[in-house]
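The values are calculated or read from the model by the stated rules, or taken from the named source; none is laboratory data. It should be emphasised that the depicted structure is a prediction, and the values quoted were computed from it without experimental measurement. In this analysis, Cβ positions are derived from the backbone assuming ideal geometry, glycine residues included, and neighbour counts consider all displayed protein chains.
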Amino acid sequence: MPLQISSEELSAIVRCVEGYPDGASVGDLLAAPGLDFARRTLQRRLEQLVGEGRLVAEGAGRGRRYLVAKAPRVASEDATPYRVTPDWLSPAAREIRTSVKRPLRERKPVSYHSEFLADYEPNVTAWLDEPTRRDLAERGQVGLTDLPTGTYLRHVLSRLLIDLSWNSSRLEGNTYSLLETERLLERGEGADGKGAKESQMILNHKAAIEMLADQAGEIGFNRYTVCNLHALLSDNLLTDFEACGRVRSRPVGISGTVYLPLAVPQQLEERFDEILQKAEAIHDPFEQSFFAMVQLPYLQPFEDVNKRVSRLAANIPLVQKNLCPLSFIDVPRDDYLNALLGVYELNRVDYLRDLFVWAYGRSAERYSAVRGSLGDPDPFRLRHRAEIGAVVREIVQGTLPRDKATALIAAAAEERLPPADRARFREVLAVELRSLHMGNIARFRLRLTEFETWQQVWSASAD
């Protein structure tokens with residue numbers, strides 16, 4: 001984890017940039033009186049300020065210039081949202097926000113409080129009251145409760161892969177736009193001027209979301225699920241490769257807070273198991289989801305990428321119950337970070353709870369519209385989803401031409417389906433192969449290179 005960066009340092013940079021109405025370059029700021037940073041240190045501070053919405057970056061390379069972000073505006077889908085003071089915060093949440101926005105020197109250093117977890121009793125303690133849970137359930141219902149676990153997630157997967165990958169990465173300071181994220185995920189095209197780390201972060205989200213969809217019937221609040229989410233989300237981003245998917249054995253620090261996470265390895269293991277056990281025991285899916293969003297980042301069980309893990313883990317009970325997913329659409333980054341500071345420093349959940357409830361409402365609106373545009377799922381495809389996916393992957397990964405693909409489909413239908421379903425199975429496979437393109441291959445866990453190689457053979461074998 002990065003070391004703490006004082007708010008005074010960041011504010012000094014913003015004040016200096018204010019003196020350049022047409023934008024300041026890194027060279028301008030290195031030469032400015034009052035700033036004393038090495039070039040790489042200054043660049044990291046500037047990246048953080050851009051991520052927080054306090055500065056705006058224009059251009060790339062040596063022509064890149066930084067300007068102070070002006071009046072807030074409503075975010076478009078193609079840009080990182082500016083901070084907009086929300087009107088959905090309760091008085092308690094506003095009180096927490098005021099407290100955590102004080103300068104670091106005015107906030108009392110605190111350590112991990114095990115009582116915060118110990119005092120929570122599943123199905124007795126309720127961070128979300130009953131009326132709130134009932135309201136969220138009504139918003140999240142999509143009419144698919146009688147279908148197999150994960151049906152709804154797979155139904156909206158292509159849209160969710162983009163939305164959740166972008167929004168969760170944006171909350172980490174990633175500067176990809178929504179359109180750039182879509183191009184990266186669907187075409188494998190990285191954005192100009194973006195670092196490899198930003199591209200990797202987004203691709204890792206895609207892999208983790210696909211795990212939730214592919215293994216919907218097996219996931220839960222257990223070590224396998226949460227540790228593998230971490231391994232996927234942290235892939236190629238940690239200096240210690242062996243730290244991916246493992247509970248940490250060394251201390252970490254968190255920038256911008258006076259909170260010091262737990263450092264004793266044995267206690268970390270015990271608290272991590274306790275979080276998973278309590279989360280799994282909670283009956284209400286929304287209380288489960290919110291519990292994960294609070295307790296996982298508070299413990300910081302991994303060396304890094306803890307918040308990302310908590311945001312995807314918050315979707316586990318929603319996937320299991322075929323409820324609308326939580327994709328953090330329009331969530332202001334500084335509200336999210338300040339709400340977590342309220343948990344870290346005060347053990348108060350009011351701010352994060354307000355944000356969770358509001359964010360879920362926005363996601364429910366989004367995916368209600370998405371489902372309306374897609375229509376209801378085909379029951380036959382749902383019933384035989386695994387068989388359809390397996391055959392498509394075998395054809396593409398095996399680079400089969402049309403005649404061999406037809407033979408494989410007929411053999412698979414004979415082996416795997418009852419006689420009444422075989423003709424329909426062959427029809428569905430024919431449509432799937434005819435409709436396959438680089439923008440939808442993620443549904444079958446296919447790589448772009450695999451698809452492009454197969455497509456050449458498929459086209460060449462046309463009658």
Among residues of segment 430-448 being loosely packed, with under 15 Cβ neighbours inside 10 Å and part of a helix (DSSP H, G or I), the residue nearest to the chain's Cα centre (by Cα) is L448
Next on the checklist: Suppose the filter is closer than 22 Å to G256 by Cβ, modelled with pLDDT under 80 and under 33 Å from the mean Cα position of the chain (by Cα); does G53 pass it?
Outcome noted: yes
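Conditions tested, residue by residue: (1) buried (at least 18 other Cβ atoms within 10 Å of the Cβ); (2) among the charged types (D, E, K, R); (3) under 14 Å from Q300 (Cα atoms); (4) touching a helix residue (DSSP H, G or I) at 6+ places or on another chain (Cβ under 8 Å).
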{"position": "V226", "(1), (2), (3), (4)": "yes, no, yes, yes"}
{"position": "F241", "(1), (2), (3), (4)": "no, no, no, no"}
{"position": "L260", "(1), (2), (3), (4)": "no, no, yes, no"}
{"position": "V264", "(1), (2), (3), (4)": "no, no, yes, no"}
{"position": "Q277", "(1), (2), (3), (4)": "no, no, no, no"}
{"position": "I282", "(1), (2), (3), (4)": "yes, no, no, yes"}
Checked pairs for segment 26-46, first in the same structural domain as R64 (by TED's automatic domain parsing) and touching a residue at least 40 places away in the same chain (Cβ under 8 Å), second surrounded by 11 or more Cβ atoms within 10 Å (Cβ to Cβ) and acidic (D, E), C-beta under 6 Å and 6 or more apart or across chains, list as none
Residue pairs within 8 Å by beta carbon, gap of at least six or interchain, first lying in segment 112-130 and assigned by TED's automatic domain parsing to the domain that holds M293, second exposed (fewer than 11 other Cβ atoms within 10 Å of the Cβ) and aliphatic (A, V, I, L, M), listed first then second, are none
Q. D304: within 23 Å of R362 (Cβ to Cβ), touching a residue at least 24 places away in the same chain (Cβ under 8 Å) and among the acidic types (D, E), yes or no?
A. no
If I filter segment 241-252 for residues that are aromatic (F, W, Y) and touching a residue at least 60 places away in the same chain (Cβ under 8 Å), do I get at least one hit?
no
Out of (1) of a type in the set (F, W, Y); (2) in contact with a Leu (Cβ under 9 Å, 6 or more places away or on another chain); (3) modelled with pLDDT under 85, the one F380 does not meet is (2)
The number of residues in segment 400-429 that are part of a helix (DSSP H, G or I) and either exposed (fewer than 14 other Cβ atoms within 10 Å of the Cβ) or not assigned by TED's automatic domain parsing to the domain that holds F451 (or both) is 9
(Q) Given the condition at positive phi and either in a helix (DSSP H, G or I) or surrounded by fewer than 19 Cβ atoms within 10 Å (Cβ to Cβ) (or both), answer yes or no: does some residue in segment 195-218 qualify? (A) no
Of Y298, Y336, the only residue that is surrounded by fewer than 24 Cβ atoms within 10 Å (Cβ to Cβ) and either farther than 15 Å from L276 by Cβ or hydroxyl-bearing (S, T, Y) (or both) is Y336
Report yes if A231 is among the small types (G, A, S), touching a residue at least 24 places away in the same chain (Cβ under 8 Å) and buried (at least 19 other Cβ atoms within 10 Å of the Cβ), otherwise no. no
Of the residues that make up segment 312-319, is at least one more than 15 Å from I219 (Cβ to Cβ) and either in contact (Cβ under 8 Å) with a residue 24 or more places away in the chain or buried (at least 21 other Cβ atoms within 10 Å of the Cβ) (or both)?
no
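Filter the helices (runs of 4 or more DSSP H) completely within segment 279-358 down to those with at least 1 residues that are within 16 Å of P122 (Cβ to Cβ) and among the β-branched types (V, I, T). Don't jump to the end; show me each part of the working.
Values: elements: 285-299, 306-313, 316-320, 333-346.
Qualifying helices (runs of 4 or more DSSP H): 285-299, 316-320.
Test R246 against the stated conditions and say whether it is over 30 Å from A57 (Cα atoms) and assigned to a loop (DSSP other than H, G, I, E, B). Talk me through it step by step, then tell me what you get.
Details: over 30 Å from A57 (Cα atoms): yes; assigned to a loop (DSSP other than H, G, I, E, B): yes.
Answer is yes for this residue.
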